[in-house]
Amino acid sequence: MSGSSQHGQPMPRVDGRSKVTGRARYAAEQVHANLAHARLVTSRIARGQVSSIDTSAAEAAGAKLILTHLNSEKLVPITAAYPAGRAQTSFLPMESAEVRYAGQPVALVVADTPELADHAASLVEIDYIEASHETELATQIERARKTKGSKDVVKGDVDAAFAASPVKIVATYRTATEHHNAMERFSTTAFWENGQLIVHEATQWLSGMRAHLAERFGISQDRVRVISPFVGGGFGSKALPMPHTALTAVAAKRLGRPVKLIVSREQMFTVGGYRPESVSRVRLGASKDGRLTAYSHDYFTPASRSDPAAMPGVESPAVLYASPALRGRDRFVDLDVNHPGPMRAPAEMPSVFALESAIDELAHSLGMDPVAFRLKNDAGPHDPVSGLPFSSRSLARCWTRGAELFGWSERPLAPRSLIDGDWLVGWGCGASLYPVYVGPSSVRMRLSGDGSLLVQLAGQDLGTGLYTVVAGAAAEMLGIAADRIRVEMGDSELPFGSMAAGSRSTASVVPAVRRAAERVRGRLLAAATQGSGPLAGETTGNLAIRDGNVVSTVPGDAATEAIAAILERIPRGAIEETGEFVPAGLPSDRLSGVYKGSEGAMGPVVEKAWAMYSFGAQFVEVRIHRLTGIIRVPRAVGVFGAGRIANPRTAHSQLMGGMIWGLSSGLFEATRLDHRYGRYVNANLAEYPIPVCADIGSIQVEMLDETDHARDVNPSGMKGVGELSVVGTGAAIANAVFHATGRRVRHIPITIEDVLDAL
Ligand code: MOS
């Protein structure tokens, strides 16, 4: 952890105690009188029609309501999925007999108890007329097309530059389908009260969910309230409204009582978004002395038949290296699958795996050290695509510092030259980067007579530490101890407080907290100088707040007075202020749209001004057992430049967590489809491998001091750390596997089977 004074205080989580003691109430823990319980029944086929539904056994067992396409409501259609709209998919399951993916909701069964709902759901008999389906990217890749979601980049004539390059790499890289599987499953508790729809659901986007539900039911947004104080992990899966939420609200309306739906772990794999698999065709050219001359990247990934654009890939990796010619193309293949969605660095994790693997291959062909090659070709202070200056870019420093921490200078260039008994040892590296997004936000603050402070905003903390960051920013500004500060979030009726996605919450919310705190502070200091108190006659410029006391900063004068005493002089004994932040350049119509539930943020490229990205360098050691092929990662080092760090303690946890997930993507995670049926074969936590503690060795994280210059857009100078460090780990592992064995594996996850015959 960086001990730098530039960063904020390493505060422990203010919500930690309530979580470990069970006092924090998650969405599914809401207690309501007369609550009914719902379960989903999902499709076993990947494409076709529901031909008949027999609900008699379920009804006989006590089901109070069985919603299907035959009796459910036709709500207002969704015109577009995210990012054009806000929903995870524009498809409306259960509004017709149509089935578009395996695991699609086809019935919602409601009963008086969870056990009865489970039992009744198991008794619903559904028959289908099956149509042929396509779920395999590899066999359908030639159907790939450019859509509105493609973020193609181009500079120079890459084909000519590649043809003229004396040293070349042509390779195809693949990443697997992954599912988020947050500890807290999806759930919705919905009820209607005086015409208002109230929904308890874990969400990363309160205003998006509110707008979505208002739109679907054709009611105004003030008749929808979404409550989500705690989110038990999201990683993107809880960013976008999914179909089951509105269906639960329909059931609640129909029954006139609160209904709670809990999605099963198996259904978690099919009712929402996921990281789609990807295929990257990469061509790199270089001069003989190791200068990159051409970079071409064709990125293929699934979309769905419902929505043509999914998760793009090529925009971010294009800013890593200086290449006189480059071209990136995003191409989507519509398959008979549920629509993919955002998952922690959705564009960057898979595409950077490809580029950072190819860069390693190129360095190897040139006989160059991979770090030296990267430093030589670093894009430097300007974005190679837009030509704009980076608001800050410490990537070269990250490489140098990381290499030092890791001991990289001891690395022999030749693969398969580090051997320790029965273990082949390899050292590999990979770059991290993630765009900076900053959006509008607002907070309300109330300083009470007892010196306690309440901060309220419709923000969402999905375990990332936003409660703590907000408390820390307020404490820093007002000199109030963190235990006197209470932060309330997660209610759509509070002032708008940013979407919790795209690693943007901290940079978006902190400026609003500061603005509100500045106003509170100004009024407090003004009050301190009034009347007949010890500070009467002082000017506010001579005063500061320290540890909850107003202190004179004039040397020799030790007059202090508690905030409480000052507040007695203020009408009503409390100070209430709001603070609003709008990044410079955000069009005013976008601002009102954001408050009403559309997405709107600045970044990563702010026209005519800045290119904004966070960067990092990762190093890993792998050890591969000569006889069994077991792959271990005893140590990893990550050095990151993400601007000013709000809270080094929670940021460290974010960055370390991202590296662990990167390692997990590199060696463990994959959701496998059986293409004969279009169904996942490992839709459970027993067969979807993730690392356990024994799989994780030493993870060293360092955050560099870094000043960000985009102050009008991003006044806190904080760049976001939520997604950054999951990017680059997979390539570092693949590159280390090559260094250990001489075997180049061009996909992740890498398993024993990939290396066994190379040992
Ligand atoms: Mo994140 S994948 O932007 O919720």
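Descriptive notes on the structure:
- Sum of side-chain charges, Leu362 neighbourhood, beta-carbon under 14 Å (Lys, Arg +1; Asp, Glu -1): +3
- Highest to lowest packing among 728-735, 65-72, 664-671, scored as the average C-beta count within 10 Å: 728-735, 664-671, 65-72
- Antiparallel beta bridges, as assigned by DSSP with both residues in region 393-531, represent about 60 percent of the total such bridges.
- Charged-residue dipole, Cβ positions (Lys, Arg, Asp, Glu), region 1-58 about Cα centre, Debye nearest 20: 140 debye
- Using θ = phi - 60° in the Karplus curve 6.51 cos²θ - 1.76 cosθ + 1.60, the 3J(HN,Hα) couplings for region 106-113 round to 10, 7, 10, 10, 10, 9, 6, 10 Hz; x is entered for Gly and Pro.
- Net charge over other residues, Cβ less than 11 angstrom from the Cβ of Val167 (K, R count +1; D, E count -1): +1
- Rounded to 5, the percent of DSSP beta bridges in the chain classed as antiparallel: 75 percent
- Relative contact order %, region 605-663, counting alpha carbon pairs below 8 Å whose residues are six or more apart: 27 percent
- Here's the list of lysines a cross-link from Lys19 could span, going by alpha-carbon distance under 25 Å and ignoring same-chain residues fewer than 8 apart: Lys238, Lys260.
- Prolate/oblate/rounded call for region 355-413, Cα gyration tensor, a/c under 1.5 rounded: oblate
- Dipole-positive endmost among Trp610, Thr539, Ala564 within region 465-619 (Cβ charges, Cα centre): Trp610
- Of the DSSP H helices in the chain, those whose Cα atoms cover at least 30 Å axially and whose Kyte score averages -0.5 or more: 505-528
- Of the residues Gly463, Ala379, Thr729, the one whose Cα sits farthest toward the positive end of the charge dipole of the chain, with +1 on the Cβ of Lys and Arg and -1 on the Cβ of Asp and Glu, is Ala379.
- Computed over neighbours whose Cβ is under 11 Å from that of Val727, the net charge equals -2, Lys and Arg +1, Asp and Glu -1.
- Above-threshold pairs, the threshold being 25 Å between Cα atoms, out of Lys148/Lys376; Lys288/Lys376; Lys151/Lys608; Lys168/Lys376: Lys148/Lys376
- Rounded if a/c under 1.5, otherwise prolate or oblate - the chain, Cα gyration tensor axes: oblate
- Contour minus Cα-Cα distance for Val681 and Ala131 (0.36 nm per residue): 196.0 nm
- Averaging the sequence gap over all C-alpha pairs within less than 8 Å and six or more residues apart, then dividing by the number of residues, gives region 700-755 a relative contact order of 18 percent.
- Neighbour counts of C-beta atoms inside 10 Å place Glu95, Glu134 in the sequence Glu95, Glu134, starting with the fewest.
- When only the Cβ of Lys, Arg, Asp and Glu is charged (+1, +1, -1, -1), the dipole of region 59-127 relative to its Cα centre reaches about 400 debye.
- When each of Trp399, Trp192, Trp205 is scored by the number of other beta-carbon atoms lying within 10 Å, the sequence from fewest to most is Trp192, Trp399, Trp205.
- Residues whose placed amide H lies under 5 Å from that of Ala303, excluding near-sequence neighbours: Val333, Asp334, Leu335
- Loop-located trypsin sites (Lys or Arg not before Pro) in region 141-224 (DSSP state other than H, G, I, E, B) with a sparse environment of at most 12 neighbouring Cβ atoms within 10 Å: Lys148.
None of the figures in this text is laboratory data; all of them are computed from the coordinates on show. On a predicted model such as this, the values are computed, not experimentally measured, just so you know. Heads up, the Cβs are rebuilt from the backbone with ideal geometry, glycines too, and the neighbour counts pull from every protein chain shown.
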